[in-house]
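Take a look at the structure set out below.
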Amino acid sequence: MTQQPFSRPGAIDLSGLGQPARPPQGATPPAGGGAGGSSYSVVVDEKNFQGLLEQSMTAPVLLVFYSRTRMPESGQLADDLATVVGEHEGRYLLGLVDIDAAPQIAQAMQIPSIPLVVAVVDGRPMPLLQDPLPIDELRTALTQVGQQLTSQGITGRHQPRAAAPGAEGEEDAVDPRYAPAQDALAAGDIDAAVAEYQKLVDANPADVEAAGGLAMAKVMQRTQGVDLNQARAAAAENPDDVDAQTLVADLDMLGGHVEDAFTRLVNLVARTSDKDRDRARDHLLGLFAAVGNDDPRVLAGRRNLASALF
């Protein structure tokens, strides 16, 4: 089966796609299909695209690029992916990109042809599928991908976006405790998200998910408007400056370089003493919480931190 090429005038800077906006809850299926029917799928537009990519810091995001008019088989692939992703109950979040409805996103991602499925993990996109597979083969493929991710220590899960359409009488699958914070993040209001997560942590310090959400929201808050190149230059010039080093560690986290962030701060702890050491250690512990204390990278980081302290 031949692929349908996607004609594009050139790549578009992702920064031109706008700020994160609240993803559509119970996303409306594209005309002619039901791909929006999963609790773990979102119809992508220019407003929610950046926010969707940021969700890959929590757990993998899949983007399926399709066109029902240019290649009906690609639309069926989108429908089947929504079904299979829903069966994995949060292991993936699916972004449905109709290139006819959202051509700028396809241009920004430099999509050469449809169908195309891209996996985004920790902010890094990787091509996954380029052919419309039968649904049973999709199930096998996503199961294998999940196993590979688990072997690499990537075990996070997404919260459901909404109860699946047609599930009348069932409770909304979204945990109401986290909804205000998640909505604030989706809308790009980082300060409000921090405040909402802080309320949850204050009410229940044992709420691990709220603590992790608060930690990551604070990372986003601290890095708002920061120039990456300037921050790295300042850290290189001042290797023992706690503020400079922790800022670059935060930027590494957002860029998906989790182990680099941990290593930077472990080394900082080893080089400093007294209050500076305490600040570096506490910042590192916050990053551990953002990733999750059961993550193998965190377990390794804790061992390295213990070695640096003693």
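The values are calculated or read from the model by the stated rules, or taken from the named source; none is laboratory data. Here the structure is a predicted model, which is why all the values come from computation and not from measurement. Cβ coordinates were reconstructed from backbone atoms using ideal geometry, including for glycine residues, and neighbour counts include every protein chain displayed. Side chains included, ligands, DNA and RNA excluded: accessible areas come from the protein's heavy atoms. Shrake-Rupley method; radii C 1.70, N 1.55, O 1.52, S 1.80 Å.
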> If you go through region 38-51 one residue at a time, how many are under 12 Å from the mean Cα position of the chain (by Cα) and surrounded by fewer than 22 Cβ atoms within 10 Å (Cβ to Cβ)?
Replying inline: 2
> Quick one: what pairs do we get from region 44-59, first residue closer than 17 Å to LEU149 by Cα, second in a helix (DSSP H, G or I), C-beta under 8 Å, 6+ apart or different chains?
Replying inline: MET57/MET216; MET57/MET253; MET57/LEU254; THR58/MET216
>> Looking only at helices (runs of 4 or more DSSP H) that lie completely in region 220-273, which have at least 2 residues being buried (at least 21 other Cβ atoms within 10 Å of the Cβ) and not hydrophobic (A, V, I, L, M, F, W, C)?
In response: 242-254
>> Considering only region 108-130, I want to know if a residue exists there that is more than 25 Å from ALA290 (Cα to Cα), assigned to a helix (DSSP H, G or I), at pLDDT below 90 and open to solvent by less than 30 Å² (accessible area, probe 1.4 Å).
In response: yes
>> Please go through region 181-206 and give me each residue that is free of Cβ contacts under 8 Å to residues at least 12 places away in the same chain, closer than 21 Å to HIS283 by Cα and of a type in the set (Asp, Glu), ordered by number.
In response: ASP202
> Does THR150 meet the test of being under 18 Å from the mean Cα position of the chain (by Cα), surrounded by fewer than 14 Cβ atoms within 10 Å (Cβ to Cβ) and of a type in the set (S, T, N, Q)?
Replying inline: yes
> Out of all the residues in region 196-219, which are open to solvent by 50 Å² or more (accessible area, probe 1.4 Å) and in a helix (DSSP H, G or I)?
Replying inline: GLU196, GLN198, LYS199, ASP202, ALA203, VAL208, GLU209, LYS218
> Restricting to region 54-70, what's the tally of residues that are assigned to a loop (DSSP other than H, G, I, E, B) and open to solvent by 50 Å² or more (accessible area, probe 1.4 Å)?
Replying inline: 3
> Taking region 176-195 only, how many residues are open to solvent by 40 Å² or more (accessible area, probe 1.4 Å) and not in a helix (DSSP H, G or I)?
Replying inline: 4
>> One residue is enough: does region 84-95 have a residue meeting the conditions open to solvent by less than 20 Å² (accessible area, probe 1.4 Å), of a type in the set (A, V, I, L, M) and at pLDDT below 90?
In response: no
> Does any residue of region 20-35 turn out to be among the β-branched types (Val, Ile, Thr) and either modelled with pLDDT of 50 or more or assigned to a helix (DSSP H, G or I) (or both)?
Replying inline: no
